[in-house]
Amino acid sequence: MLKDLLLPFITIGLAELGDKTQLAVLLLSAKQKKHFQLFLGVLSAFIVVDGVAIFLGSRVINLVPINIVKIVSSIIFIIFGILILKESFSKNQENAGGSKIEKFADKNAFIAGFTLIFISEWADKTQIASALFAVNYNPWLVLAGCISALAALTLLAIYLGKFLSSKLNKHIISRIGGIIFLLMGISFLIY
């Protein structure tokens, strides 16, 4: 019974460490101030996505073709990248009290975190692993193990993003973030 919880916790934790979603959370947390709302949005998306995977098993992949998931994820990451870069080069950003993206992320941190994770995690390796664990182990304990690992990593990414935003120039963070989002979007199309 303990392995039903620990095996998914360790496996998902290691697989997700440094993954695209953790990097996206880190970048989002560096761009806005409502970190708890961001955490709740990200965690809610993980619960929905991994919960569906766990309770439907490997059928999730058959419901939504992986090519469509990759294309939609690519487009969203590329759009975020372009918007972030556009705002980082905007000369009116300083006078307006922040960029439109920063204002959106501050007002809608929950929605920004939820949407980003919800769309990018379908058919991800950790979601597939969660589904496979649920076939062999207690689904409730698998869910608890997976979500615990994802929550711990999300908190780490948010803390690191908050720390970096206090140490680095906002424009540099924005430009690096925009480029990373573009590269992640392009990589989804290629791989």
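Every number here is computed from the coordinates shown, using simple stated rules; none is lab data. As the structure is a computational prediction, the values presented were derived from the model and not from experiment. Here the Cβ is made from the backbone with ideal geometry for all residues, glycine too, and neighbour counts use every protein chain on show.
Which ³J(HN,Hα) values, rounded to whole Hz and listed in residue order, are derived for segment 153-167 from phi using the Karplus coefficients 6.51, -1.76 and 1.60 in 6.51 cos²θ - 1.76 cosθ + 1.60 with θ = phi - 60°, glycine and proline given as x?
Each residue's phi maps through the Karplus curve to give 5, 5, 4, 4, 5, 5, 4, 5, x, 5, 4, 5, 5, 7, 9 Hz.
Compute the FRET efficiency between LEU23 and TYR159 as 1/(1 + (r/R0)^6), taking r as their Cβ-Cβ distance and R0 = 22 Å, and round to the nearest 0.05.
0.95
Tell me, in nm to one decimal, what length is gained between ASN136 and ILE47 on full extension, where the rule is 0.36 nm per residue of separation less the Cα-Cα distance?
Result for the pair: 30.1 nm of gain on full extension.
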